[in-house]
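Asks: Take this structure first; my questions come after.
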Amino acid sequence: MKRVLVIGSGGIGRRHLRGYLATGRAAVSIVEPDDGRRAEAAAAFALEDAYAALSDADLRSFDLAVICAPAHLHVPLMLACAEAGLGFMVEKPLAVTMDGVDAALAVVSQAGVLARVGYIRRVAPEVLALRAQVQAGDIGALRLSYINSSQEFPKYRPDFQRTYYARPEMGGGAILDAASHWFDLLVWLMGRPVEVGAMYDRLVLEGTETEDTCLVNIRFESGAMANVTINQFQKPNTNRAEFIGTDGNLVLEHSVLSLADDDSGTPRQTHDHMAGLVPMEAHQARFAIQANALLDALEGKLCHLATLEEARQNLAIALAAKRSWTERTIVTLNA
């Protein structure tokens, strides 16, 4: 039984609490400075302990930390874990600026601790199947991707105006929050990004200081290109990613993965990876899958979850996208 410390017990923290408890392999404690939220979590979950501050917990007595605090706090929390020799998973995005990121990554590397970033789509069966087909060469060389991930966000998160989402300095908005999931997938599939151009704005959603819409173009070191389009106010829930290779296309629409390699209009292969499942239950189950992957990694097994370096590239895309529109330029990323 591993001792896991979840830092932050808000919405995402509670998903991780359920995930680790569902594994049957972890004794879980929390750090939560808000008295009411801490009491609620203690009443709702079988916790080993509940601390009001990180300094109250003996970090060296834990096997793993799960950092679920707002993104502007991620760098100091990663440093605290590394300095205590404690492996961790930090929620996305890695940070909200590059300030201190490279220094923190160097400290973590020197400490030699397990460190991963919580891009949950990496454990989704449909994403794993997509990546396997790309790697197997089923569509030839991957050269282009179009992604449209848009929905009526307030329907799914009615309290959005009172959360981190409303504040750019806390990692909210369509780019740092929503698009970063897709940036992660693109980095995983297409490699190192080198150029970014973008437009973004808050077109509809009131009560926030963040953008609800973005159009982001990315070029990769291989020469491949991608477009990520997101709006967070439209009524239909659209989630479609097309990956175009020299021999065919893979289309991921929600959980349905299709392969087409001719112009007949009929995919040669189609499979719904969530057929018969309840979407919200399946989504929560992925947090247990992710938890098991991290617990396995503690035992020395291979782990395909996002690394800090991949998350750094992800953050670089997001920050470049914002700079691109502000400065009306295409931004070249440094290695």
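The values are calculated or read from the model by the stated rules, or taken from the named source; none is laboratory data. Predicted model, so just to flag it, every value in this text is computed and none were measured. In this analysis, Cβ positions are derived from the backbone assuming ideal geometry, glycine residues included, and neighbour counts consider all displayed protein chains. Side chains are part of the model used for accessible areas, which takes the heavy atoms of the whole protein and leaves out ligands, DNA and RNA. Shrake-Rupley method; radii C 1.70, N 1.55, O 1.52, S 1.80 Å.
Asks: Hey, among Gly140, Gly197, which residue is in contact (Cβ under 8 Å) with a residue 40 or more places away in the chain and under 23 Å from Thr332 (Cα atoms)?
Replies: Gly197
Asks: Further, regarding this structure: Condition (residue is closer than 23 Å to Pro168 by Cα, in contact (Cβ under 8 Å) with a residue 60 or more places away in the chain and open to solvent by 20 Å² or more (accessible area, probe 1.4 Å)) applied to segment 123-136: is it met by at least one residue?
Replies: Within segment 123-136, none of the residues are closer than 23 Å to Pro168 by Cα, in contact (Cβ under 8 Å) with a residue 60 or more places away in the chain and open to solvent by 20 Å² or more (accessible area, probe 1.4 Å).
Asks: Follow-up. Whether any residue in segment 157-164 is in a helix (DSSP H, G or I), open to solvent by 20 Å² or more (accessible area, probe 1.4 Å), without any contact (Cβ under 8 Å) to a residue 60 or more places away in the chain and of a type outside the set (S, T, N, Q) is what I want to check.
Replies: The answer is yes, given that some residue of segment 157-164 is in a helix (DSSP H, G or I), open to solvent by 20 Å² or more (accessible area, probe 1.4 Å), without any contact (Cβ under 8 Å) to a residue 60 or more places away in the chain and of a type outside the set (S, T, N, Q).
Asks: Report yes if Ala71 is within 24 Å of Tyr165 (Cα to Cα), open to solvent by less than 20 Å² (accessible area, probe 1.4 Å) and modelled with pLDDT under 95, otherwise no.
Replies: yes
Asks: Tell me, yes or no, whether segment 192-212 has at least one residue that is open to solvent by 60 Å² or more (accessible area, probe 1.4 Å), in contact with a Lys or Arg (Cβ under 8 Å, 6 or more places away or on another chain) and at pLDDT below 95.
Replies: Looking through segment 192-212, at least one residue is open to solvent by 60 Å² or more (accessible area, probe 1.4 Å), in contact with a Lys or Arg (Cβ under 8 Å, 6 or more places away or on another chain) and at pLDDT below 95.
Asks: Please tell me if Val117 is under 21 Å from Ile175 (Cβ atoms) and in contact (Cβ under 8 Å) with a residue 24 or more places away in the chain.
Replies: It is true that Val117 is under 21 Å from Ile175 (Cβ atoms) and in contact (Cβ under 8 Å) with a residue 24 or more places away in the chain.
Asks: Tell me which residues, restricted to segment 43-82, are assigned to a strand (DSSP E or B) and among the β-branched types (Val, Ile, Thr).
Replies: Listed by number, the residues that qualify are Val66, Ile67.
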